[in-house]
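The values are calculated or read from the model by the stated rules, or taken from the named source; none is laboratory data. Source: prediction; values computed, not measured. Cβ coordinates were reconstructed from backbone atoms using ideal geometry, including for glycine residues, and neighbour counts include every protein chain displayed.
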């Protein structure tokens, strides 16, 4: 996604349409389905890290029975941890700034105090 599409997606996950699935340089995992075991979840993470070795990615995670989404972060196997953190921090700061601008007094919880 690009930054504008990312902002729209985080604010309204069902808003994606047409070109939004394949625009920009920000990798988002839209549907993460691993219903059977933690092993399935680990296998999906490994596959993601291998398929996108030089990328960072994110997904929205809502726990069963919950109504609040959290942004989960991933990095490819070939990407240095410090470089991945710097890229994710930049994306995070841009997303928080966009949310604050579009939502008045948006106040993120947790790490999102950028």
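Points worth noting:
- Residue 12 vs. criteria modelled with pLDDT of 85 or more and loosely packed, with under 12 Cβ neighbours inside 10 Å: yes
- If the condition is being in contact (Cβ under 8 Å) with a residue 24 or more places away in the chain, closer than 22 Å to residue 42 by Cα and surrounded by fewer than 17 Cβ atoms within 10 Å (Cβ to Cβ), then segment 74-99 contributes 77, 78.
- Some residue of segment 26-44 being surrounded by 13 or more Cβ atoms within 10 Å (Cβ to Cβ), at pLDDT 90 or above and outside any loop (DSSP other than H, G, I, E, B): yes
Every residue, every condition in (1) at pLDDT 95 or above; (2) in contact with a helix residue (DSSP H, G or I) (Cβ under 7 Å, 6 or more places away or on another chain), yes or no:
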site	(1), (2)
60	no, yes
75	no, yes
82	yes, no
92	no, no
95	no, yes
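- Restricting 112, 104 to residues that are at pLDDT below 85, on the phi < 0 side of the Ramachandran plot and either over 17 Å from the mean Cα position of the chain (by Cα) or outside any helix (DSSP H, G or I) (or both) narrows the list to 112.
- Filter result for residue 85 (over 23 Å from residue 101 (Cα atoms) and assigned to a loop (DSSP other than H, G, I, E, B)): no
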